[in-house]
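Nothing in this text is a laboratory measurement; each read-out follows from the coordinates by a stated rule. The structure presented is a predicted model; accordingly, all values stated were derived computationally and were not measured. Cβ sites come from the backbone with ideal geometry, for glycine too, and all protein chains shown count toward neighbours.
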Amino acid sequence: MKKILVALLLISTLLIFPACVSNKADQQTTYTPTTPTQQTTNTVPEKVNVLKLEILHFHPKVQCYSCKTLGEYAEETMKKYYSKELSNGRITFRHVNYELPENQELVLLYRPPGSALCIGVYDDQGHLYIEENYGVWYRIENKDNFMSYMKQLVDMRLKGDLSKI
């Protein structure tokens, strides 16, 4: 009886928390063409002329504490430091439930491995540079540290700097 209970607990844990697991290689920034006529390349320039940033918190329907905290801190950071850019459309921030059918287009474009904070940088040449940022996960235990890191990251992207931090 005890073995069956442990097995059921293990199986339910694996079914409830798969969103927090990433099997993606450590690839922070990728290049994605926005029109079919452009060629795909993995080369990311160091600097681009930024038109717009899209910041997306991808999450499942049932979120763990870390996933919820990441989304809350990210939203608070954006509202605190970038209210002007949010209101004029230079930056968009959204929580995206990747399990919902209406979000599948974004999921196919950004390809989050599960819960993730993704940044899309649109440049003046019509390119979209997509980044899944891992650094935010290491800072969710300290809200001030998280917000400082995210502000530094967003400031860099707004200036067109696509380098890793």
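Multiply the residue gap between L109 and K79 by 0.36 nm, knock off their C-alpha separation, and tell me the result in nm, one decimal place.
Numbers: separation 30, 0.36 × 30 = 10.80 nm, distance 2.51 nm.
Extra length from L109 to K79 when fully extended: 8.3 nm.
Kirkwood Rh and Cα-based Rg: tell me the resulting Rg over Rh for the range 27-158, rounded to two decimals. All intermediate terms of the calculation are to be shown ahead of the outcome.
Numbers: Rg = 14.5 Å, Rh = 15.3 Å.
Here the Rg-to-Rh quotient is 0.95.
Quick one: work out the % antiparallel among DSSP beta bridges in the range 27-158, nearest 5.
Antiparallel bridges: around 70 percent, rounded to the nearest 5.
Could you rank the peptides 139-151, 53-65, 99-111 by their average count of other C-beta atoms within 10 Å per residue, with the highest value first?
53-65, 139-151, 99-111
What distance in nm separates the simple spin-label points at L100 and D155, each placed 7 Å from Cα in the Cβ direction?
Roughly 3.3 nm, to one decimal.
Of N142, F93, P60, which is farthest towards the positive pole of the range 56-149's charge dipole, taken about the Cα centre with +1 and -1 on the beta-carbons of Lys, Arg and Asp, Glu respectively?
Toward the positive end, the furthest listed residue is N142.
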